[in-house]
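Notes follow the structure.
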Number of protein chains: 2
Amino acid sequence: MQDLRPIERKKLSETVMQQLQTLISSGRYQPGDRLPTEKALAEAFGVSRMSIREALSGLAAAGLIEIRHGEGSFVKRVEITDYLSPITASALGFPHTALALLEVRSILEAGAAELAALRATAEDHAELAAAAADYRAQTERGETGIDGDLRFHRAIARAAGNPVLTELMNRIQDLMEQGMAYTLGQNLKTPERSQQVAAEHDAIAEAIRGGDPVAARAAMIRHLTGVRNKLLRSMNEAATGKEKTQDA
Amino acid sequence: MQDLRPIERKKLSETVMQQLQTLISSGRYQPGDRLPTEKALAEAFGVSRMSIREALSGLAAAGLIEIRHGEGSFVKRVEITDYLSPITASALGFPHTALALLEVRSILEAGAAELAALRATAEDHAELAAAAADYRAQTERGETGIDGDLRFHRAIARAAGNPVLTELMNRIQDLMEQGMAYTLGQNLKTPERSQQVAAEHDAIAEAIRGGDPVAARAAMIRHLTGVRNKLLRSMNEAATGKEKTQDA
DNA sequence: ATGCTACTGTTGTCAGACAACCAGATGACC
DNA sequence: GGTCATCTGGTTGTCTGACAACAGTAGCAT
């Protein structure tokens with residue numbers, strides 16, 4: 001007695017569906033293309049039109065195609081980033097500390113910097129430089145530089161060339177932006193620190209431009225460690241300033 | 001003029017599906033209950049059996065019911081935690097999407113391994129070892145080891161000691177697990193590969209136990225690079241090779 | 001040119017039939 | 001009495017053929 005697992009017994013429509021899905025996800029049919037008619041598919045697969053219809057409606061339920069009455073079935077474009085929100089919402093939705101969130105952000109940013117060093121296009125490099133300059137200008141003008149900072153980090157996320165990563169980082173950055181503004185106000189941004197941040201930005205952009213993933217990661221980690229230390233100090237001040245902290 | 005949007009024109013099966021869904025989610029039919037037969041539903045709704053069938057298969061695709069040949073349709077117990085829209089699963093059929101998600105997962109797992117090496121408790125170490133042994137036992141028994149693998153990676157996520165990171169990783173692992181099952185079946189798991197994976201798991205656990213974050217990160221990256229290569233090969237086979245059928 | 005009509009091709013729905021399958025009942029055999 | 005094969009009824013899976021609903025187009029009459 002070899003393996004005596006329950007015998008694979010699949011419905012015809014499921015088999016058809018898998019085959020069609022393979023054709024679609026392999027690019028044989030591009031978004032916007034029209035699939036053959038149900039009749040043609042039925043003949044090609046050697047099954048009845050009914051099985052084809054079940055397979056097609058399955059694909060439609062999965063969002064891969066759109067069936068239009070009287071016209072035909074058309075391949076849809078499906079972007080996973082459009083459907084990531086349930087994931088991020090449930091992961092980032094429940095109570096968390098700013099430190100934990102920053103740690104996750106650091107992991108992602110370090111990875112993104114690494115990838116950016118390998119993949120950034122000329123366009124990305126230009127945007128990185130512009131964003132870094134933007135931040136420097138804003139802070140030297142006495143502003144908080146919050147926009148420039150965000151722009152810089154978004155540019156890195158984009159330069160990493162991974163849409164999922166970009167989406168995830170954007171969510172976290174939004175969340176932190178809100179959290180910071182709400183809990184700590186602007187006291188994270190002091191002139192001395194701003195100058196240092198600008199230099200760190202430059203170092204990161206430089207490493208990415210040099211195509212050195214190790215250096216880029218290291219520079220990013222240096223940067224975010226600085227952010228973390230500043231955050232720690234601010235939280236400490238806030239705690240001692242108002243009332244005695246109790247953290248162990 | 002009133003609203004003159006395109007008239008609502010719904011397929012019969014969709015209407016039926018909505019009604020049935022209401023009945024189920026309202027508790028009129030409890031998990032485990034058997035729905036009326038297709039024939040009975042057809043008479044009750046006043047439509048043909050075919051429309052009923054399409055509605056039922058839609059509900060099955062959504063995971064609300066389970067259709068058993070020769071028995072009937074049964075309401076499934078739906079766990080909100082592991083519920084994913086079929087769309088997200090099907091999106092992973094696209095190679096670039098699957099690779100992008102795996103890349104994000106790699107970044108997170110590498111960071112988690114690093115943190116775990118610094119923070120893991122005795123309890124965490126025990127769970128890591130147990131999970132690694134679990135995986136090895138499962139694969140040697142001829143199973144896919146999917147449970148053991150998941151358990152191992154969950155243990156790392158947990159050992160990193162960052163709730164946000166843990167939650168995020170769990171979500172992404174679920175997503176990949178289900179997406180892979182949906183699109184590629186089990187052919188990711190071969191005996192030779194399983195042996196290698198088990199060794200890689202050991203190496204990771206070893207590095208974490210040794211409190212060496214650099215080694216832990218490196219071991220994890222080695223592991224996930226292997227996963228990536230296997231994934232690439234599988235997707236390639238699926239796209240090119242294995243059509244046993246047609247074209248004359 | 002404009003608007004109506006008819007036509008063609010496609011998907012949506014229907015009806016009936018049979019095959020595949022499951023569960024329980026029946027009956028034969030030891 | 002217990003065990004097993006077989007029968008039977010009910011259910012889902014698939015096939016076939018037909019017609020309705022819909023979209024697009026060509027042709028026609030005005």
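Selection of the stretch B:59-85 for residues being assigned to a helix (DSSP H, G or I) and either in contact with a Leu (Cβ under 9 Å, 6 or more places away or on another chain) or loosely packed, with under 12 Cβ neighbours inside 10 Å (or both) yields only B:LEU59.
Here A:LEU102 clears all of (1) hydrophobic (A, V, I, L, M, F, W, C); (2) open to solvent by 10 Å² or more (accessible area, probe 1.4 Å); (3) at pLDDT below 95; (4) assigned by TED's automatic domain parsing to the domain that holds A:ALA216 except the condition numbered (2).
Considering each of A:ALA110, A:ALA60, A:ALA40, A:ALA116 in turn, give the residue that is more than 16 Å from DNA strand C (Cβ to nearest atom) and either within 11 Å of chain B (Cβ to nearest Cβ) or over 30 Å from A:HIS201 (Cα atoms) (or both). I'd like the intermediate steps shown before the answer.
Numbers: A:ALA60 fails: more than 16 Å from DNA strand C (Cβ to nearest atom); A:ALA40 fails: more than 16 Å from DNA strand C (Cβ to nearest atom); A:ALA116 fails: either within 11 Å of chain B (Cβ to nearest Cβ) or over 30 Å from A:HIS201 (Cα atoms) (or both).
Answer to the check: A:ALA110.
Residues that are in contact with a helix residue (DSSP H, G or I) (Cβ under 8 Å, 6 or more places away or on another chain) and at the interface with chain B (Cβ under 7 Å from one of its Cβ atoms) were ranked within the stretch A:43-57; the one that is surrounded by the fewest Cβ atoms within 10 Å (Cβ to Cβ) is A:GLU54. A single member of B:GLY161, B:GLY70, B:GLY145, B:GLY93 is facing another protein chain (nearest Cβ under 10 Å) and on the phi > 0 side of the Ramachandran plot, and it is B:GLY161.
Scanning the stretch B:144-160 for residues that are among the small types (Gly, Ala, Ser) and at pLDDT 95 or above gives B:ALA155, B:ALA157, B:ALA159, B:ALA160.
Of the residues B:GLU103, B:GLU127, B:GLU66, B:GLU114, the single one that is within 16 Å of DNA strand D (Cβ to nearest atom) and of a type in the set (Asp, Glu) is B:GLU66.
Per-residue answers, yes or no, for (1) of a type in the set (Val, Ile, Thr); (2) away from DNA strand C (no atom under 16 Å from the Cβ); (3) within 22 Å of the chain's Cα centre (by Cα); (4) outside the structural domain of A:GLN178 (by TED's automatic domain parsing):
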| residue | (1), (2), (3), (4) |
| --- | --- |
| A:LEU23 | no, no, no, yes |
| A:ARG28 | no, yes, no, yes |
| A:ARG34 | no, no, no, yes |
| A:ILE52 | yes, no, no, yes |
| A:THR97 | yes, yes, yes, no |
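Return a yes/no flag: does the stretch B:135-150 have any residue that is without any contact (Cβ under 8 Å) to a residue 40 or more places away in the chain and open to solvent by less than 10 Å² (accessible area, probe 1.4 Å). Checked against the condition, which is being without any contact (Cβ under 8 Å) to a residue 40 or more places away in the chain and open to solvent by less than 10 Å² (accessible area, probe 1.4 Å), the stretch B:135-150 yields at least one hit.
Considering B:THR139, B:THR166, B:THR144, B:THR121, which residue is under 26 Å from A:MET176 (Cα atoms) and of a type in the set (S, T, N, Q)? Walk me through how you get there before you give the answer.
Working: B:THR139 fails: under 26 Å from A:MET176 (Cα atoms); B:THR144 fails: under 26 Å from A:MET176 (Cα atoms); B:THR121 fails: under 26 Å from A:MET176 (Cα atoms).
Only one candidate qualifies: B:THR166.
Among the residues of the stretch B:169-179, is there at least one that is at pLDDT 95 or above and small (Gly, Ala, Ser)? The answer is no, given that none of the residues of the stretch B:169-179 is at pLDDT 95 or above and small (Gly, Ala, Ser). Checking B:GLU123, B:GLU109, B:GLU114 one by one, the residue that is touching a Pro at 6+ places or on another chain (Cβ under 9 Å) and modelled with pLDDT of 95 or more is B:GLU114 and no other. Filtering the stretch B:199-242 to residues that are assigned to a loop (DSSP other than H, G, I, E, B), of a type outside the set (Asp, Glu) and modelled with pLDDT of 90 or more leaves B:GLY210, B:GLY211. Residues in the stretch A:12-54 that are within 16 Å of A:SER73 (Cα to Cα), assigned to a loop (DSSP other than H, G, I, E, B) and either of a type in the set (S, T, N, Q) or in contact (Cβ under 8 Å) with a residue 60 or more places away in the chain (or both): A:GLN30, A:THR37.
Just to be sure, is A:ARG68 in contact with a helix residue (DSSP H, G or I) (Cβ under 7 Å, 6 or more places away or on another chain), within 15 Å of DNA strand C (Cβ to nearest atom), of a type in the set (Lys, Arg) and not assigned by TED's automatic domain parsing to the domain that holds A:MET176?
The answer is no for A:ARG68.
The values are calculated or read from the model by the stated rules, or taken from the named source; none is laboratory data. Computed from a predicted model, the values in this text were never measured in an experiment. Using ideal geometry, Cβ is built from the backbone for each residue, glycine included, and neighbour counts are taken over all protein chains shown. Accessible surface is based on the protein model in full, side chains and every heavy atom, while ligands, DNA and RNA are left aside. Shrake-Rupley method; radii C 1.70, N 1.55, O 1.52, S 1.80 Å.
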